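The values are calculated or read from the model by the stated rules, or taken from the named source; none is laboratory data. Please read these numbers as outputs of a predicted model, since none were measured by experiment. Reconstructed Cβ throughout: ideal geometry from the backbone, glycine too, with neighbour counts over all protein chains shown.
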Amino acid sequence: MMKNRIEITLGGLPYTITTTDSPEYTQRVAEHVDAAIRAITSSSKEFSLMQATALAALNICDEHLKAVASAENLRTQMKSYMDEAARTRVECVEAKRENAMLQEEVKRLKSKMGNV
């Protein structure tokens, strides 16, 4: 696995990091974190860079945990829908089998009536 050395900026400070992720992905992550830090520092001048970084970390972690919960909820819903679809397929097969039996019964009864 190739490691990339990437220059990023967080809170106006330059950092060089080493990662196996692509430079493009790493820049996107850094931009997301930097935007979160800037949002906090621009909303209030009372926060130091360290405080803004900690609050940004909390906000990003909050977003992540909510996204994980949402994804789990979607997985649960999808499983429910797939289970319902499987039950519906079984019901459809049973209905087709019953329909075929009833059609045979109709033919048999029509034939019987024709012989009367």
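crowded, with 16+ Cβ neighbours inside 10 Å and either touching a Leu at 6+ places or on another chain (Cβ under 7 Å) or among the hydroxyl-bearing types (Ser, Thr, Tyr) (or both): is that true of ILE40 in this structure?
Working: crowded, with 16+ Cβ neighbours inside 10 Å: yes; either touching a Leu at 6+ places or on another chain (Cβ under 7 Å) or among the hydroxyl-bearing types (Ser, Thr, Tyr) (or both): yes.
Taking the combined requirement at face value, the residue satisfies it.
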Hey, ASP83 at pLDDT 95 or above, in contact with a Leu (Cβ under 6 Å, 6 or more places away or on another chain) and in a helix (DSSP H, G or I) or not: no
Given (1) out of contact with any strand residue (DSSP E or B) (no Cβ under 9 Å at 6 or more places or on another chain); (2) on the phi < 0 side of the Ramachandran plot, where does GLY12 come up short, assuming only one miss? (2)
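Kindly indicate whether ILE37 is over 22 Å from the mean Cα position of the chain (by Cα) and under 30 Å from MET1 (Cβ atoms). Walk me through it before giving the result.
Working: over 22 Å from the mean Cα position of the chain (by Cα): yes; under 30 Å from MET1 (Cβ atoms): yes.
Here the answer is yes, as ILE37 does meet what is asked.
Would you point out which residue out of THR53, THR20, THR9 is loosely packed, with under 10 Cβ neighbours inside 10 Å and polar (S, T, N, Q)?
Numbers: THR53 fails: loosely packed, with under 10 Cβ neighbours inside 10 Å; THR9 fails: loosely packed, with under 10 Cβ neighbours inside 10 Å.
None of the other options fit; the residue is THR20.
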Against the conditions (1) outside any strand (DSSP E or B); (2) touching a residue at least 12 places away in the same chain (Cβ under 8 Å), where does ILE8 fall short? Just the number, please. (1)
I want to confirm something. Restricting to region 21-54 and keeping residues that are without any contact (Cβ under 8 Å) to a residue 12 or more places away in the chain and outside any helix (DSSP H, G or I), which single residue is nearest to LEU10 (Cα to Cα)? SER48
